[in-house]
Each structure stands twice: as C-alpha cells, then as structure tokens.
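Values quoted throughout were computed directly from the atomic coordinates according to the rules given, and no laboratory measurement underlies them. Not measured: the values here are computed from a predicted model. Neighbour counts run over all protein chains shown; Cβ positions are idealised from the backbone, glycine included.
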Amino acid sequence: MTETLVRKRRFRGIGLATLLAGAVAVLSAGPAAAAEKSLTFKGGFPLIGDQQVTVVVNAEIPATATAGEPISVPFSLDVDAGQAAGDGLRLVGATKISGTITSKVNLAIGGQSVAIPIELPIPETPVPAEGSLKFTAQGQVDFTVPAGTPAGEATSSVDSAATTHVVTDSGLGEFDVDLALDPPDQDTTLGTTTVG
C-alpha cells in the first residue's frame, strides 16, 4: 500500500465530473435547463486495486450566451467511490477527507476547441463507519466567453482526465490522485448553447 497508488486512483472520477460542470458554466447566460450526467471512471486504490468511481454531475445548461460577458454558475457533483474505497480508508484509520479537484471541460464551436480549466473544492467529509465512500462537491465556475468567439452552437463535453489533491487525517496525509474515464467511449457531452 503506497501513497502513489492512493494518489492515482481515489478521486479521479470527481475531476471529470467537474469538467462537465465547467462546460456548463462557460455557456451560462440565457435561460437554462437542468442537466444530469452520470459517468464512470477507473483508478487504482491502495490494497484493493483498480476500482470504478461513479460521478453524477448536476448543472444548468444555458440555452444562450454572449461572447465577452462574464458568467458565474453554481454546480454540484455527487461522487460514489465505492464500498472498497470506504474500506481502504477505514483500514488506515481515516475518519475524514477533503481536498481540491482540478480538470477541464472542452468547448467546441465553429471548428475550434477551447479547454476551460476547472477547480472544485472537496468539502471536509466524514468517512462512514461502513459502506460506500460518498460525498457531494459544490462550487461555482467563473468564466468569460472570449470576445470574438464565433456565433453558433457550442457543445461542452467532459475531458477524460482529472487530478485530485486529497487530504486525510490518517497516515496517508495529503496526496494527488489521477483518474481516467472507463470505459473511454462514454458520451461525455453536457449539452449545447447558442452563442450570439
């Protein structure tokens, strides 16, 4: 059981979901529609090996947006890291986690692609006495649709990679985790927005 293994696998799915939320933020200006997206990721955990993590993104996909105008959009991510992840943390004596997720959302419009950086705080969350490790990450993305962005339909989608900085109150201390979309061919599209 090494910190490296823990770093690589525990909360990768979180970051991906954050990406989804970021794409939403980029295009939020006009009326919005609630969107929910569920994705699965895989990462290697200490002792328990490769595990799947499920992330459900809840966000508002704007119908329209205007280039050059700032946007601030709240969103949430429901993360289920699984029973084995909970067992692994309990085994090393962890009673709580927190941290930060960094990732990106890819915005495609007019033959161009723009990567939107995302940073989402993981609130201090108790490790349950039993069962699956679950938590909800909430935050907001502040973004300005670049001036000069061509008018038309913009499609936002989740990137397939993310990094999470995890803080525990156990001997594991702080560590970084990477995660990858699994299977890689999942539909990561959040929605489309008309940029005018």
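Descriptive notes on the structure:
- Cα-based shape type of segment 126-196, given that a ≥ b ≥ c are square roots of the gyration tensor eigenvalues and the cut on a/c is 1.5: prolate
- Ranked by the mean number of other Cβ atoms within 10 Å of their residues, highest first, the peptides 156-164, 118-126 come out as 156-164, 118-126.
- Relative contact order (%) - criterion: Cα under 8 Å, at least six apart; region: segment 106-196: 30
- Nearby aspartates and glutamates by direct alpha-carbon distance to Lys96 (threshold 18 angstrom, same-chain neighbours under 8 apart not counted): Glu3, Asp78, Asp80, Asp87, Glu124, Glu130, Asp169, Glu174, Asp176
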